[in-house]
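Here's the structure, in structure tokens; my notes come after.
The values are calculated or read from the model by the stated rules, or taken from the named source; none is laboratory data. Everything numeric here is computed off the predicted structure, so don't read it as measured data. Cβ placement follows ideal geometry from the backbone for every residue including glycine, while neighbour counts extend to all protein chains displayed.
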């Protein structure tokens, strides 16, 4: 079993269970904490009634998992991807969101873009 399939099963079993909650899948554990903080400040705690933010482990796992779970959203860093690559990936997966900056930490320079 691939590591992406294993992580998908873990998320279903440990996080989603029978809650019916939507999933926002991010790359790493640190990303989970950052997005939880942003969402708590922007939407209060009510967003947690409908959403789960969890990590896949890396960018490729996000892509692999959301390909298998089209109702989940995947959010990844742009890193060094070109616009063509981003369009190609998003055309293949409509549930894939790509940050316009290199990585989440870049928003520390210009946090207004997040708010």
Item checked: Unmet requirement for residue 57, which otherwise passes all of (1) modelled with pLDDT of 85 or more; (2) on the phi < 0 side of the Ramachandran plot; (3) surrounded by 15 or more Cβ atoms within 10 Å (Cβ to Cβ); (4) under 14 Å from the mean Cα position of the chain (by Cα) -> (2)
Next item on the list: Considering only the stretch 41-54, state which residues are under 21 Å from residue 18 (Cα atoms) and loosely packed, with under 10 Cβ neighbours inside 10 Å.
Entry: 45, 49
Notebook entry, point to check: Would it be correct to say that residue 20 is loosely packed, with under 14 Cβ neighbours inside 10 Å and in a helix (DSSP H, G or I)?
Noted result: no
Item checked: Positions within the stretch 84-114 being under 19 Å from residue 51 (Cα atoms) and either in a helix (DSSP H, G or I) or at pLDDT below 90 (or both), in sequence order -> 114
Note to self: Can you tell me how many residues within the stretch 68-83 are surrounded by fewer than 16 Cβ atoms within 10 Å (Cβ to Cβ) and either assigned to a loop (DSSP other than H, G, I, E, B) or at pLDDT 95 or above (or both)?
What the structure shows: 6
